[in-house]
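Let me begin by presenting the structure, written as C-alpha cells, before commenting on it.
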Amino acid sequence: MSLYESTPRLDLPSLPNFKQLSKTVWRVLGLNPGKFTLQGTNTYIVGSGKRKILIDCGDGQPDYLPLLMHSLKSIDPDAYISDILISHCHTDHCGGLKDILSSEINRPPLDTSSSFISSRQYQQQQFINIHKYPLDTDKGWYKVFWESLKELPDDTTFSDLKDNQVFTLRNEKDKDSPPLHIRVMHTPGHAKDHCAFYLEEEDILFTGDCILGHGSVAFEDLHDYMKSLQRMEKLQPARLFPGHGDVVEDSIQKIHQYIAARRVKENQILDILRQDVRVHWTPIELVEFMSSNGSHSSSSHSQSSRKREYSEPLAAVAVRNVGLHLIKLYFDGKVELTNLADYRKRHGKDLDPYHSENVYTIMNEKWRYIDTNEHNNSKL
Ligand SMILES: [Zn+2]
C-alpha cells in the first residue's frame, strides 16, 4: 500500500502519462498525484539504443507497471531496462520496485529458450541492476523507508551509487552514434541518500526531489541542502527534469530562486529574533507570526506559552522547515535554544536538539538570537 494519497492536483498543469522529452529521454508518470507528489512521481526512461536506464519507479500504483511496459515498447519493441537508478529512499521513488522485479520487464532481452537456466530460475532471477546510494538503515526515518523495501524478494541485490560514478549507454543499433553518459551527483539535504543524475550529452539534470517543477521542497538538513543546490548552480545545466512536476527550461533561474527562497526565509527568521533579543520564539510561533505577515507585535505574540500541534500537513511542513532553519542558524553561530538544561531534563541528556533528525522535539522550544556584542562582553 502506498504511504501517499492519490489525489489529482487541479491547481497544476496536467502532464500526459507518457511523453518524450528529449532525443533520449521519456517521462512516465508514477500515477500517484497528491499534495506532496504534485502530478505524481516522474520516472524517466533514458537511452538511445535498445538498452534503457530507468530513473526512479514511482510508489507502486497498480496501473504504473502496465503503463511503463507499454511506454517502453512504444519507444522500441526491443527496448529493455538494464538498470534502475533510485534518486532516494522515499517510497514515492522506489515503491514500484517490487512490481517491476516480479514482472516481465525483469527478464533478459535475449532468447532464453536455448539457455541452460531452468524456467524457475529464470522467473526468480534479478536481471535488472538496481542502484541506490548506501544508507545506514538502522536509524530514524530510514528504518521506516527500508521496511517498505522489505516486501522485495530476500535475494534482491542493490548496487551502491557513488558520487561522480558514470553510467555509459551505447546504441547497439547505430554503432556510429556516440555513447550517452549519466553522471551520479550525491546531493543530500532532501534526504541523506539523495542523488541527482546528469545526462552529459543533453546537458539535462535529473534533480530528484532537490528541485521540483512547481513549488518548494521539504528538506531534512538545510546545511546539506544548500550545498547541493550550490553544486547544481555550479553545473549550470540547460534543463532540469525534476522528480515531480514539469520540465524546468529556465534552469539557472530556478536554481537561483530556490537558493534565494531559503536565504529570504533565513533573514526573515533572524529579523524577527533580532527585533527584541529579550523575546524568545518557538518554531510554531515563528510560523504563525510570519503567516500573519508580522501583524502582531513580536513581544505580545511571544509572551504566549500556548503549545500547539499542527495536524494540517502543509503547516506542519512549514513549522519543520523553520525548525531546520534554526538548526542551521545555530551552526552559523546566530541562534540557540533558550533553555538547554530544561530541554535535556525533559528529553534526556543524550538527545541533541541541534541534530536535524530531532527537529520534531524543538517545535515548542524557545529560541533566541545570539547577540554577539553581548556575548563578547560577557566573556570579558
Ligand atoms: Zn518525491
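Would you kindly state how much longer the chain becomes between ASN129 and ARG344 on full extension, computed as 0.36 nm times their sequence separation minus their alpha carbon distance, in nm to one decimal? Walk me through the intermediate numbers first.
Details: separation 215, 0.36 × 215 = 77.40 nm, distance 4.58 nm.
Going from the current span to full extension adds 72.8 nm.
Which GluC sites (Glu not before Pro) in the range 160-226 pass both tests, a DSSP loop state and at most 16 other beta-carbon atoms within 10 Å? Before the final figure, lay out each step's value.
Details: sites: GLU172, GLU200, GLU201, GLU202, GLU220; in loops: GLU172, GLU220.
In loop regions of the range 160-226 (DSSP not H, G, I, E or B), the sparsely surrounded GluC sites (Glu not before Pro) are GLU172.
Starting from the Cα of ALA238, step 7 Å along the direction of its Cβ; do the same at HIS214; then give the gap between the two resulting points in nm.
2.6 nm
First measure r as the distance between the Cβ atoms of VAL277 and ASP136, then evaluate 1/(1 + (r/R0)^6) with R0 = 35 Å and state the FRET efficiency to the nearest 0.05.
Computed FRET efficiency for VAL277 and ASP136 comes out at 0.35.
Looking at the P(r) of the range 1-101, how many percent of alpha-carbon pairs lie beyond 21 Å?
Values: 1419 of 5050 pairs.
For the range 1-101, the fraction of Cα-Cα distances above 21 Å is 28 percent.
Suppose the chain between ASN164 and GLU201 were pulled fully straight at 0.36 nm per residue; how much longer would it get relative to their current alpha carbon spacing?
Details: separation 37, 0.36 × 37 = 13.32 nm, distance 1.55 nm.
Result: 11.8 nm gained on full extension.
Lysines near LYS132 by alpha-carbon distance under 20 Å, same-chain residues fewer than 8 away left out - which ones?
Within reach: LYS52, LYS98, LYS143, LYS150, LYS162, LYS192.
Starting from the 7 Å offset along Cα-to-Cβ, what nm value, one decimal, do you get for the label separation of SER291 and LYS35?
About 1.1 nm, to one decimal.
Please work out how much length the chain gains when fully extended from LYS50 to SER14, using 0.36 nm per residue of separation minus the C-alpha to C-alpha distance, in nm with one decimal. Don't skip to the answer; put the middle values down first.
Values: separation 36, 0.36 × 36 = 12.96 nm, distance 2.93 nm.
Gain on extension, LYS50 to SER14, equals 10.0 nm.
Extending each Cα 7 Å along its Cβ direction at TYR354 and TYR330, get the distance between those two points in nm, one decimal.
The two pseudo-label positions are separated by 0.7 nm.
Can you give the FRET efficiency for ASN267 and ILE75, using 1/(1 + (r/R0)^6), R0 = 45 Å, r = Cβ-Cβ distance, to the nearest 0.05?
Details: r = 47 Å, r/R0 = 1.05.
Here the calculated transfer efficiency is 0.45.
Rule-based calculations on the coordinates, nothing more; no lab input. Source: prediction; values computed, not measured. For neighbour counting, all protein chains shown are included, and Cβ atoms are generated from backbone atoms with ideal geometry for every residue, glycine included.
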